[in-house]
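Data block below; observations after.
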Amino acid sequence: MTQDQASTAFPTPLVLAGAGKMGAALLRGWLAGGLDPAAVTVIDPQPSPEIAVLCAERGLRLNPDAASPAGALVLGIKPQVLDAAAPALGAWIGPDTLVVSILAGKTIADLKRRLPAARAVVRVMPNLPASIGRGATGAVGSPEVGPQARAAAERLLARSGLVAWLDDEALIDAVTAVSGSGPAYVFLLAEALAEAGVAAGLPPELSEQLARATVAGAGALLDADAREAGQLRRDVTSPGGTTAAALAVLMREGALPDLMREAVGAAKRRAGELSG
Ligand SMILES: NC(=O)c1ccc[n+]([C@@H]2O[C@H](COP(=O)([O-])OP(=O)(O)OC[C@H]3O[C@@H](n4cnc5c(N)ncnc54)[C@H](OP(=O)(O)O)[C@@H]3O)[C@@H](O)[C@H]2O)c1
């Protein structure tokens, strides 16, 4: 977090609609970041026991009867419940309310159609590691999002990890295909490496342990070292060595780089099909 982000106040009153996996993770991050619990309202018709206890113990409002315009309304509901939820959520939106949506596939235009009072809207595409503060999030704002609203949105997203602003909303399908869906590709890599280890003679449990620690360790190294991924790879590959033998298979025509391009293309196409 930069000094500017750290010193920007949270937009309050803050309303979170949908305190499921992603919403609850954001909420916990805000509270850990110093957001006053008394400034928070949580809307979730069937909150999990953890959320109900958190609200009761820390003094957050949960499902109040009356609504009034918020400083920010963060949408953490599933995209398929937007139509049903929108009329009630609209009551939390005034001309100065910043609306932040993490709904996959819902464009800024979709959101404004369902929430006609909304002006400044930030659409974000987080990924699963955001729940441990190690996410990669793409964000794009409607034209009404000025520097102040953008700083407020960054304040809300800062504890999720990397936040990359996009100039063009059309890029969000590609962001979805790379970072939104990306953690699953890495989990598959760990699975495939463990299976290959078993095929090479390792006991399954040991192979799983080694593969998991290797993927996690390589990820941590990538994070800690400023060198590009390709440079790190070249630096651990001695000519004629074991890594070079494996990479010759992984990088041959039709193998991993070609497959990844095809996979990301398929995810991007699917993101486009699911939008609306
Ligand atoms: N999980 C991810 O990795 C990920 C990544 C990128 C984007 N997203 C986006 O994040 C959003 C939330 O995903 P999630 O995995 O956190 O889903 P989730 O765990 O199902 O959370 C959604 C929450 O909203 C609640 N809800 C349902 N109707 C509501 C209403 N009318 N008003 C307020 N709350 C309502 C749900 O309650 P019930 O359970 O009782 O229905 C649930 O607690 C989705 O739009 C998804 O596209 C998720």
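Charge tally for residue 209 (other residues, Cβ to Cβ under 15 Å; Lys, Arg +1; Asp, Glu -1): -3.
5 Å is the cut-off here: which amide hydrogens, built 1.01 Å from N in the peptide plane, fall below it relative to residue 236, excluding neighbours closer than 5 in sequence? Placed amide hydrogens put nothing under 5 Å from residue 236.
If you sort the three axes of the alpha carbon gyration tensor as a ≥ b ≥ c, you get a/c of 1.5 or more for region 90-248 and a/b above b/c, which makes it prolate. The spacing between region 205-271 and region 39-103, judged by their C-alpha centroids, is 40 Å.
Shape of region 1-150 from its Cα gyration tensor (a ≥ b ≥ c, root eigenvalues): rounded if a/c is under 1.5, otherwise prolate when a/b > b/c, or oblate? Note, shape of region 1-150 comes out rounded. Listed values for region 102-119 are Karplus-derived 3J(HN,Hα) couplings in whole Hz (6.51 cos²θ - 1.76 cosθ + 1.60, θ = phi - 60°), namely 9, 5, 4, x, 9, 6, 4, 5, 4, 5, 5, 5, 7, 10, x, 6, 5, 10, and x replaces Gly and Pro. Computed from backbone phi with θ = phi - 60° and the Karplus coefficients 6.51, -1.76 and 1.60, the 3J(HN,Hα) list for region 125-131 is 10, x, 9, 4, x, 4, 5 Hz; x is used for glycine and proline. For the peptides 246-256, 78-88, the ranking by mean Cβ contacts within 10 Å, running from highest to lowest, is 78-88, 246-256. Mean projected area of the Cα convex hull of region 182-274, taken over all directions, amounts to 7.6 nm². Derived scalar couplings between HN and Hα for region 193-201 equal 5, 5, 5, 5, x, 5, 4, 8, x Hz in order, rounded to whole Hz, by the Karplus curve 6.51 cos²θ - 1.76 cosθ + 1.60 (θ = phi - 60°), x for Gly and Pro.
Near residue 172, within a Cβ-to-Cβ distance under 15 Å, what is the net charge of the other residues, with Lys and Arg +1 and Asp and Glu -1? Summing Lys and Arg as +1 and Asp and Glu as -1 gives -1.
Here's how it looks for residue 103: its modeled amide H is under 5 Å from those of 124, which are all 5 or more places away or on a different chain. Seen from residue 144, the other residues with C-beta closer than 15 Å to its C-beta sum to a net charge of +2, counting Lys and Arg as +1 and Asp and Glu as -1. Using only the Cα atoms of the chain, build the gyration tensor, take square roots of its eigenvalues as a ≥ b ≥ c, and label the shape rounded, prolate or oblate: rounded if a/c is under 1.5, else prolate if a/b is larger than b/c, else oblate. Prolate. Between the amide H of residue 137 and those of 162, 163, 164, distances stay under 5 Å, these residues lying 5 or more places away or on another chain, with hydrogens modeled in the peptide plane.
No lab work stands behind these numbers, since they all come straight from the coordinates. All of these numbers come straight from a predicted model, not from anything done at the bench. Cβ atoms come from the backbone with ideal geometry, glycine included; neighbour counts cover every protein chain shown.
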